Amino acid sequence: MRIKQVVAILVCTLSVPALAEDQNTLLAAELAALREQVAQMKAMYESRIAALEEKLATIGKPGMTNDTAPPPQTASQPMPSEPSQASTTGKPAAFNPETSLILQGAYTSRKDVEGISVGGFAQRKGQGDDDNKRGFNVNETELMLAANIDPYWRGQATLSVLNSEASVEEAWFQTTALGNGMGIKVGRILSGIGYLNEQHAHQWDFYDQPLMYKVLFGGDSYAQDGMQLKWLAPLDTFVELGVEIGRGQNFPGDDRNISGTNSQALFAHVGDDIGISSSWRAGFSWLHTRAGAREGTFETMSQDNVSGTFNGRSRVWIADFVYKWAPDGNPARRNFKLQAEYFRRAENGTLAVDDGGNLYNSLWRTRQSGYYFQGLYQFTPNWRAGLRYDRLSSGSQSLGDNPADIEIINYHPSRFSTMIDYSWSEFSRLRLQWSRDRAMLGVTDNQITLQYIMSLGSHGAHKF
Amino acid sequence: MMKRILALLLLLCALPAAATVKVLATVPEWGALVREIGGDRVDVMVASTAMQDPHRIEARPSLIARARTAELIVATGADLEIGWLPLLLRESGNNRIQLGQPGYFEAATAVQLRDVPQVVDRSMGDVHAAGDPHFQLDPRNILLVAAALFEHLAQVDPAGAAAYRNNLDRFAERWRAAMTRWEVEGAGLKGRTFLQVHRSFGYLAHWLGMEVRGELEPKPGIEPGSAHLGSIVESQRNAPAAMILRAAYQTEAAARWVSERTGIPVVTLPFTVGGTPQATDLFGFFDDTLARLKSAVQKP
């Protein structure tokens, strides 16, 4: 038998250094121990092979019984080989918990604009400075840990480190044993609204998020401390409904530190295959947040920068769609992905403006919208290319009597991006992106970015 | 009249049988095996086809929906589906098919995996820490998996245990007869050498006594470049392998490139049920695998 031969050869090979045995007794002892280990391994392996061969001989023969107990063995050792373990996946060498680290960085060439803004949209305080990064940059280093906690719960944390700051991007636990299509997630979660919102930066197909995400969430995505309940319908078509409540501490709301919930979200996803080659998912989401004193910077008619705080509510609607195609449904070599999202946002409340000691209160009522669509084509196992178009509409903005003389900008920010990337394996990627950015009023910025994404360790599967 | 009543009775009797067990198999070979053992008591959906790379299936919405209602998941295990099955299980909200439940079955738990690496490091490419997961290519493993699958089916659907037992016995008998035939047919393949695109055919080589002479991929899961393929062509100059084996889902380009420069024939094997028009079920899968290997050897 071949396996026996292999094991025998292994034993022989290990015995060769035994010539030096008398020179070093310590080494000899070690070798003896090693030999014993190999002998044990061999015995175990052989007993397992023997057990399997015996089993093979009895399958379907009258002697085989219905119960799952192993057949009685004459050998003194209990069979370690009986398939008692539930899983072989990642058995000996896998990390527990799954640990992964993402290295991301870029070289960017763009205009040096102070206080980058998206024309006609209120933005999170300080966001403009975050976006103005030129030259070489290490972006967020993401550390992710995930594991089953026990038979009932699973937990995951994603920590992101940038310069001297570490932040908890996500930290949650979820149910695994609830059944009936139910799932509950509690902690700091990336909301299930939209399509891109739940994806981490290393999953993006472009260097940056679409403009609509920047204006909606003041950053890359919407996360909050709270809980999420999801239900999957028992149908052959994918129909998923979700509801979230939480602290709503992030833009477009702010941290009001109240005993109730400051943010509520609803979402529905539907999806299916079209034949063997195509599949799709469509979603519809709603997010409601409240702000007590959301800070922002505004410009007056006389070109002064003033700070103001918004108090009121934001309601966001998002429709999203993604379609994927691959020849024979095998995306490993070639595949195509088309995705689009559209949003509308309504904000109602008041704006308090502090203009050099004078406090003005005005109404705040906006109705704004925007969209992006993008296509991505992987034309060889290593190369992908993509196009994206972003466009927003500042829509209607009303400040009532506008006592502080805030300038209302009516504008259609837009951006066109194209990228090409190369992946040595699914764990390493280098991307070149060119964008013609007209998000800011009066500025046309041609941006070039060369970006790397490196993924270390055992990384969980990505969602559709 | 009597006939009508009889027909009605028959129909009523047939109704409970319609309450089938919903099974989700990750790859076609286990889908086919579930059909053999489950018979008409099971309703099988297979998550992938023979034209798809089983390492690289996406957790599509349709698969999550199917996992939601499945009573049994039949997977290969040994990390083959690690890129997508854990996500299906998590997103399904179905507690019956979670790890450790009777409704979760990994075929790899029933067999002895080969080529378990001593050291696992990504610099070695996409290695499977638990061992080579392509064990469906040794028919003895099919029988071992069949027996273990029967146990899971009987636990998930105790009312059908007798039927499954019966199906297993009949399948085992037919399979044993077929194995004897294949081993006779494959005797001429013993000692024959082959190159393979990916480490797909280790178990086949072990079963038939063939010899693996290397892979076209420089490392598992890494695309071969022309420099690497050139070095393979060079290495085949003195003692060329008898054939280059390629699974139906794998690209032909690299294999053909080497073939054109070395004269070694490319043999496309079904790799699983549905990989070739002849591989319509598990028997056809092995019949066709052997037929293709033999015809490659018989050609001068």
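Here A:Tyr377 meets the list (1) under 23 Å from the mean Cα position of the chain (by Cα); (2) within 14 Å of another protein chain (Cβ to nearest Cβ); (3) among the hydroxyl-bearing types (Ser, Thr, Tyr) almost entirely, failing just condition (2).
Taking the criterion of being without any contact (Cβ under 8 Å) to a residue 40 or more places away in the chain and closer than 25 Å to B:Pro54 by Cα, the residues of the range B:227-250 that qualify are B:His228, B:Leu229. Could we say that A:Val113 is of a type in the set (A, V, I, L, M), closer than 26 Å to A:Ser428 by Cβ and surrounded by fewer than 18 Cβ atoms within 10 Å (Cβ to Cβ) here? The answer is no for A:Val113. Scanning the range B:68-86 for residues that are at the interface with chain A (Cβ under 7 Å from one of its Cβ atoms) and either farther than 19 Å from B:Gly221 by Cβ or in contact with a strand residue (DSSP E or B) (Cβ under 8 Å, 6 or more places away or on another chain) (or both) yields B:Arg68, B:Thr69, B:Gly77, B:Ala78. The number of residues in the range B:263-300 being of a type outside the set (Lys, Arg) and either without any contact (Cβ under 8 Å) to a residue 12 or more places away in the chain or not in a loop (DSSP other than H, G, I, E, B) (or both) comes to 22.
In this structure, is A:Gly194 in the same structural domain as A:Ala122 (by TED's automatic domain parsing) and over 30 Å from B:Ala65 (Cβ atoms)? No.
Number of residues in the range B:144-162 that are farther than 15 Å from B:Val74 by Cα and buried (at least 19 other Cβ atoms within 10 Å of the Cβ) equals 1. When residues in the range B:47-65 are screened for being at pLDDT 95 or above and more than 7 Å from every other protein chain (Cβ to nearest Cβ), 4 of them pass. For beta carbons closer than 6 Å, sequence separation of 6+ or different chains, a first residue in the range A:199-216 that is more than 14 Å from A:Phe121 (Cα to Cα) and a second that is hydroxyl-bearing (Ser, Thr, Tyr) and not in a loop (DSSP other than H, G, I, E, B), the qualifying pairs are A:Phe206/A:Ser417; A:Tyr207/A:Thr449; A:Pro210/A:Tyr372. When B:Ala253, B:Ala242, B:Ala247 are checked against the criterion of being over 25 Å from B:Pro117 (Cα atoms) and out of contact with any helix residue (DSSP H, G or I) (no Cβ under 9 Å at 6 or more places or on another chain), B:Ala253 stands alone in meeting it. Restricting the range B:205-217 to residues that are touching a Leu at 6+ places or on another chain (Cβ under 9 Å) and part of a loop (DSSP other than H, G, I, E, B) leaves a set whose member that is surrounded by the fewest Cβ atoms within 10 Å (Cβ to Cβ) is B:Gly209. Of all the residues in the range B:257-276, those that are of a type outside the set (Val, Ile, Thr) and either farther than 17 Å from B:Leu293 by Cα or in contact with a helix residue (DSSP H, G or I) (Cβ under 7 Å, 6 or more places away or on another chain) (or both) number 7. Right, A:Tyr222: in contact with a helix residue (DSSP H, G or I) (Cβ under 8 Å, 6 or more places away or on another chain), in contact (Cβ under 8 Å) with a residue 12 or more places away in the chain, under 24 Å from A:Ser393 (Cβ atoms) and hydroxyl-bearing (Ser, Thr, Tyr) or not? So A:Tyr222 fits the description; yes. Looking at (1) in a loop (DSSP other than H, G, I, E, B); (2) over 13 Å from the mean Cα position of the chain (by Cα), which is the one condition that is false for A:Leu196? A:Leu196 satisfies all of (1) in a loop (DSSP other than H, G, I, E, B); (2) over 13 Å from the mean Cα position of the chain (by Cα) except (2). Given the criteria in contact with a Phe, Trp or Tyr (Cβ under 7 Å, 6 or more places away or on another chain) and more than 12 Å from chain A (Cβ to nearest Cβ), does B:His152 qualify? In short, no. The set of residues from the range B:87-122 being under 20 Å from B:Glu217 (Cα atoms) and out of contact with any Lys or Arg (no Cβ under 8 Å at 6 or more places or on another chain) comprises B:Arg114, B:Val116, B:Pro117, B:Val119, B:Val120, B:Asp121, B:Arg122. For the range A:428-457, a residue qualifies if it is surrounded by 15 or more Cβ atoms within 10 Å (Cβ to Cβ), under 19 Å from the mean Cα position of the chain (by Cα), more than 9 Å from every other protein chain (Cβ to nearest Cβ) and of a type outside the set (D, E, K, R), and the qualifying residues are A:Ser428, A:Gln451, A:Tyr452, A:Ile453, A:Met454, A:Ser455. Cβ-Cβ contacts under 7 Å between residues 6 or more apart (or on different chains), taken from a first residue in the range A:239-264 that is within 14 Å of another protein chain (Cβ to nearest Cβ) to a second residue that is modelled with pLDDT of 95 or more and part of a loop (DSSP other than H, G, I, E, B), are listed as A:Val239/A:Ala233; A:Gly242/A:Gly192. Looking only at the range A:349-400, residues that are assigned to a loop (DSSP other than H, G, I, E, B) and modelled with pLDDT under 95 come to 7 in all. Test B:Phe171 against the stated conditions and say whether it is at pLDDT 95 or above and not in a helix (DSSP H, G or I). No; evaluated as a whole, the condition is false for this residue.
The values are calculated or read from the model by the stated rules, or taken from the named source; none is laboratory data. Keep in mind that this is a model prediction, so the values were computed, not measured. Cβ atoms come from the backbone with ideal geometry, glycine included; neighbour counts cover every protein chain shown.
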